[in-house]
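Note sheet for the following structure.
The values are calculated or read from the model by the stated rules, or taken from the named source; none is laboratory data. Just so you know, these numbers come straight off a predicted model, no measurement behind them. Glycine gets a Cβ as well: all are built from the backbone with ideal geometry, and neighbour counts include every protein chain shown. Heavy atoms of the whole protein, side chains included, go into the accessibility calculation; ligands, DNA and RNA do not. Shrake-Rupley method; radii C 1.70, N 1.55, O 1.52, S 1.80 Å.
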Amino acid sequence: MMAATMAALSPVRPFFRFLILLSVLFGGDAEPLEEDAVLRLVELARAGDRAARQRLYRQHVQRVFRTVRGMLRSDAEAEDVTQDAMLTALTSLDRYSPRSGTRFAAWLTTIAVNTTRRRFRRKRPELTATGELPDVADPDSDLANDLDLARRRGALLQALAELEPREREVVSLRYGSDLNATEIAAQMGMEAANVRKILERARVRLGERIEAIAKNRGATA
Amino acid sequence: MTDTEIMNLWSALEPTTRRRARIEDRVFEWLDASETSIAAEWLALLKVEPLTAFAYATVGAVALILLTPIGWIAGFLLR
């Protein structure tokens with residue numbers, strides 16, 4: 001199976017390696033790829049191409065962190081879950097089948113959500129997210145930007161902490177992983193119509209809370 | 001707030017550069033370690049710490065040689 005895959009890829013591999021190299025050199029790792037390009041990276045990574053595996057990782061790691069951060073109480077927990085989920089995904093690439101109609105990002109999100117749920121089972125979560133500041137300032141940003149980011153982050157985390165766990169999971173999948181209602185429904189074993197209702201309700205509540213928090217801070221400042 | 005506004009706001013949850021680097025280091029260190037054979041690990045240790053590698057190998061060999069008679073004597077005494 002592996003030999004057949006490698007044989008099928010052999011004429012195109014140098015070309016894609018060249019594309020990957022160009023992309024890394026010009027900062028293309030951060031640019032989101034089309035699904036076809038992601039699938040080619042998956043094939044290359046399965047065939048043992050380390051550069052492809054790294055590119056695949058860099059394409060998705062932030063999305064995974066954003067998603068699980070919305071569900072967990074701290075950055076440290078999100079870091080652990082992201083690490084575990086990325087490791088599980090990269091060592092189980094053979095299990096991913098695009099024929100089932102699942103996008104790679106959705107498959108990866110399933111792994112991340114399952115890892116998060118395992119963590120919830122082990123330890124009772126405390127819904128007291130208050131928007132801690134980033135542990136170390138980003139060397140590329142200035143103080144004003146850091147403060148603004150920390151404020152927005154704090155408001156979002158505080159608003160998220162007030163949602164029901166199921167609502168938090170749904171909005172994290174929507175806004176963290178950019179999944180649509182059908183993909184979220186498949187993930188959570190619910191009807192898509194039900195997901196849309198929860199999303200709409202949670203979006204309104206989130207918006208109201210974030211605006212109220214921003215007003216309060218403006219009044220106290 | 002609109003869907004797009006919340007989507008933009010969500011980007012504030014992204015990890016810091018340092019945190020991202022830390023996750024990447026751990027993931028790829030683990031992957032590299034899992035793909036390195038024990039023989040290659042021993043060779044690397046031999047290059048970096050020849051004396052330690054030799055000591056580990058000696059202790060391992062002695063333990064293997066002594067394990068069977070010690071187990072046999074212990075079993076005999078416990079009867």
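What is the mean number of Cβ atoms from other protein chains located within 10 Å of the Cβ atom of each residue in peptide A:176-182, rounded to a whole number?
Other-chain Cβ atoms within 10 Å of each residue's Cβ, averaged: 1.
In this simple spin-label model, placing a label point 7 Å from the Cα along the Cα-to-Cβ direction at both residue B:55 and residue A:182 gives a separation of 6.4 nm. Treating each Cα of region A:145-221 as an identical point scatterer and summing with the Debye formula, the log10 of I(q)/I(0) at q = 0.15, 0.23 Å⁻¹ comes to -0.55, -1.00.
Within 10 Å of the Cβ of each residue in A:41-53, the mean number of Cβ atoms contributed by other protein chains is 1. The angle separating the long axis of helix B:17-35 from the principal Cα axis of greatest extent in chain B is about 40 degrees. Peptides A:75-86, A:206-217 ranked from most to least packed, by the mean per-residue count of other Cβ atoms within 10 Å: A:75-86, A:206-217. For region A:71-100, heavy-atom accessible area (probe 1.4 Å) falls by no less than 50 Å² from the chain alone to the full protein assembly at A:79, A:83, A:87. Legend: mean number of C-beta atoms from other chains within 10 angstrom of residue C-beta atoms, peptide B:29-35, equals 3. Charged side chains reduced to their Cβ positions (Lys and Arg at +1, Asp and Glu at -1) give region A:176-221 a dipole of some 280 debye around its Cα centre. Taking the protein heavy atoms of region A:153-221 in the context of the full set of protein chains, the accessible area attributed to carbon and sulfur is 49 percent at 1.4 Å.
Once B and A are treated as a pair rather than alone, how much accessible area drops out, both sides summed, in Å² to 100, probe 1.4 Å?
The B and A chains share an interface burying roughly 3500 Å².
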